[in-house]
Amino acid sequence: EATRYLGFINIEPDTDGTVRRVRLFSPDQSGHTHFALSMLEAGGQTAAVDTLSAYRSGQTYLIPFAGAPLRFPIISYSDVLSGRVPAHYFANKYVLVGAWGTGMGDSFPTPVSADTVDNMAGIEVLANVLQGAREGNWITQPSQAMQSLMSLVPVLLLLVAVRRLSPRRVLLATGLALAVVLCGALLLLYLGNYWISPVAAMTGIALTHPIWSWRTQEIALNQMNREMGELSR
């Protein structure tokens, strides 16, 4: 009864154990919302919450991480209690209180902590979720059908080019297609917060050249065998 708002902080790691997404609304009919949305409501920023609530569902949102761990300001709890941090420092700020030290609290592997020694503390994951909810810059993904279609297009374009290029240019075109798909996916994520996994397209492109080379050599050998047979007869 003493709280102003309540929210859950559940994290659902992907199958590889990495935290990439968050569920903002409870999938059941309980009406519970995520801790980040409760903080926005407590802070009077109801517009962002209303926008998300208009499409209220049990779907998950890809977290727009601000960067590697330790991106947000950290202040020691004891410094606050002892008065070493002035009160005005917290004016107009959202303050999250949680354990940060290694071994003291929960920590999770994230896409932005792969190159660091420690995983990201759960409290910092919540900070990233709060910032994403406040700015509304969630990373969006296409539907599964659209993802499949967009993964097939580069492969089909390369197959069309294979019929018209020499073997040396086919090899160059394969390398160029791999680079274009990877850079395109990263640019879409960086510039538009739109994520299309390049794995399927790059796998198809990488398999195109060896399969094409095998079939080309097979046809050439069959043609040579026929010619040798004709010559023998």
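Observations on the structure shown:
- Largest to smallest accessible area among M146, M202, M39, M228 [probe 1.4 Å]: M228, M146, M202, M39
- Options F65, P154, M224, ranked by Cα towards positive dipole end of the chain, top entry (Cβ charges): M224
- Hydrodynamic estimate: the Kirkwood radius of region 183-233 over Cα pairs, inserted into Stokes-Einstein at 37 °C and 0.692 mPa s, corresponds to D of 231 µm²/s.
- Computed on region 79-233, with alpha-carbon pairs under 8 angstrom and 6+ residues apart, the relative contact order is 18 percent.
- Gyration tensor (alpha-carbon) shape descriptor, region 106-145, a/c threshold 1.5: oblate
- Charged side chains reduced to their Cβ positions (Lys and Arg at +1, Asp and Glu at -1) give region 118-233 a dipole of some 600 debye around its Cα centre.
- Length gained on full extension, L149 to R233, computed as 0.36 nm times the residue gap minus the Cα-Cα distance: 25.2 nm.
- Excluding exposed DSSP-loop chymotrypsin sites (Phe, Trp or Tyr not before Pro) (at most 13 other C-beta within 10 Å), longest clean stretch of the chain: 56-233
- Protein-only accessible surface order, largest first, of R215, R21 at 1.4 Å: R215, R21
- Estimated translational D of the chain in µm²/s (Stokes, Kirkwood radius over Cα pairs; 25 °C; 0.890 mPa s): 112 µm²/s
- Per the Debye calculation on region 1-103 with a single equal scatterer at every Cα and no solvent contribution, log₁₀ I(q)/I(0) for q = 0.13, 0.19, 0.20, 0.22 Å⁻¹ amounts to -0.64, -1.22, -1.29, -1.39.
- Within the shell defined by Cβ-Cβ distances under 14 Å, the residues around Q223 carry a net charge of -1, with Lys and Arg each +1 and Asp and Glu each -1.
- The chain: most fluctuating residue of S26, S76, S107 per GNM, C-alpha cutoff 10 Å: S76
- For region 125-233, the alpha-carbon radius of gyration amounts to 1.63 times the rule-of-thumb value 2.2 N^0.38 Å expected for a compact globular protein.
The values are calculated or read from the model by the stated rules, or taken from the named source; none is laboratory data. Small disclaimer: the values here were computed from a predicted structure and weren't measured. Reconstructed Cβ throughout: ideal geometry from the backbone, glycine too, with neighbour counts over all protein chains shown. To get the accessible areas, we keep the full protein, side chains included, count just its heavy atoms, and leave off ligands, DNA and RNA. Shrake-Rupley method; radii C 1.70, N 1.55, O 1.52, S 1.80 Å.
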